[in-house]
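Below: one structure, written as structure tokens.
Please treat every number below as a calculation from the coordinates, not as lab data. Here the structure is a predicted model, which means the values were calculated and not measured. Here the Cβ positions follow ideal geometry from the backbone for every residue, glycine too, while neighbour counts run over all protein chains shown.
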Amino acid sequence: MTQIYELVTKEGGASYSPFVIWTQLFLLHKNIEFTTIPLTYTKIGPTIKEVTGGKWTKVPTIKFDNGDIQYDSIPICEYLDEKYPENPIRIPGSKAEPIIFKFREGLGSAPHKLILLDLDRQYDPVSREHVRKTKEEACSMTLEEFSGNEADNYEKFYESLDILVPLLESSPFLEGDKAGFSDYLLAGM
């Protein structure tokens, strides 16, 4: 069975990576059954490096039944559409795709800021220490400072949704009559 490596907060904890969520939705779109291999933050790098022969160190990474190994959500989507052309995930000429990328750009880090401190409380102690250290060094501030004002983050999130409204006024999904690439990206954010 196809296996997807995913990030979890701790052993038996929540999986929350948007990139993994997108990839799981891509697999479901193609009706490909899969199992998940949960990895905590500090186990991802070494495990994925071994699985990919040193080519990649992040999730999502997938081992397919046929032995193929794919990584990174967008290349995984492209692989799936190439190997399984029926029911494509990405629709050529999609009106929604440029809009969802513009939405992501306008959204910025607001969703991440909204969940960051909750995630921090969920991590196992080793992952918590690692995440805090790396994120705080990258941002040059504490996680609490980076998270900022919750009300401002919600406002930014809701304002960003305005760009999606015209697409949803005439169809149930961003991609039209059925869910597709842009819908999956939105669901995972």
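Side notes on the structure shown:
- Once C-alpha pairs closer than 8 Å and six or more residues apart are averaged by separation and normalised to the residue number of the stretch 96-175, the relative contact order reads 45 percent.
- Of LYS43/LYS156; LYS10/LYS58; LYS10/LYS49; LYS10/LYS135; LYS10/LYS113, those spanning more than 22 Å from alpha-carbon to alpha-carbon: LYS43/LYS156
- Antiparallel %, DSSP beta bridges [both residues in the chain], to 5: 55 percent
- Based on Cα contacts under 8 Å between residues 6+ apart, the stretch 2-83 shows a relative contact order of 35 percent.
- The orientation-averaged shadow of the Cα convex hull for the stretch 8-52, equal to a quarter of the hull surface, comes to 3.5 nm².
- Globularity index of the stretch 96-175, i.e. its alpha-carbon radius of gyration over 2.2 N^0.38 Å: 1.37
- The GNM of the chain, with springs linking C-alpha atoms under 10 angstrom apart, assigns the highest mean-square fluctuation among ILE21, ILE37, ILE89 to ILE37.
- Using the Cβ of GLU86 as centre and a radius below 15 Å, the other residues enclosed give a net charge of +2, where K and R count +1 and D and E count -1.
- For the stretch 109-170, trypsin sites (Lys or Arg not before Pro) meeting the loop criterion (DSSP other than H, G, I, E, B) and having at most 15 other Cβ atoms within 10 Å: none.
- Residue-wise HN-Hα coupling along the stretch 43-51, computed from phi with Karplus coefficients 6.51, -1.76, 1.60 (Hz; x: Gly, Pro): 8, 4, x, x, 5, 5, 4, 5, 4
- Net lengthening on full extension, ILE91/TYR154 (0.36 nm per residue, minus Cα-Cα): 19.6 nm
- For the stretch 2-83, the dipole from Cβ point charges (+1 on Lys and Arg, -1 on Asp and Glu) about the Cα centre works out to 280 debye, to the nearest 20.
- Near VAL51, once Lys and Arg are set to +1 and Asp and Glu to -1 for all other residues with Cβ below 14 Å from its Cβ, the sum equals +1.
- Using the Karplus relation 6.51 cos²θ - 1.76 cosθ + 1.60 with θ = phi - 60°, the per-residue 3J(HN,Hα) values for the stretch 126-138 come to 5, 5, 4, 4, 5, 5, 4, 4, 5, 5, 5, 5, 5 Hz, with x marking Gly and Pro.
- Projected label points at SER140 and ALA187, each 7 Å from Cα along the beta carbon direction, are separated by 4.0 nanometres.
- Sorted by Cβ density within 10 Å, fewest first, the residues HIS130, HIS29: HIS130, HIS29
- Value of [θ]222 nm, deg cm²/dmol, for the chain, DSSP H segments ≥ 4, -39500 (n - 2.57) each, nearest 500: -16000 deg cm²/dmol
- Simple Cβ-charge dipole of the chain, Lys/Arg +1 and Asp/Glu -1, about Cα centre, in debye nearest 20: 480 debye
- Both numbers refer to the Cα atoms of the chain; Rg and Dmax are 17.7, 48 Å.
- Within a Gaussian network of the chain (alpha carbon springs, distance under 10 Å), most fluctuating of SER160, SER170, SER17: SER170
- Dividing the mean sequence gap of close Cα pairs (under 8 Å, 6+ apart) by how many residues the chain holds gives a relative contact order of 25 percent.
- Over 23 Å [Cα-Cα, the stretch 2-83], rounded percent: 13 percent
- Residues ARG132 and LEU28, FRET efficiency given R0 of 45 Å [Cβ-Cβ distance, rounded to 0.05]: 0.85
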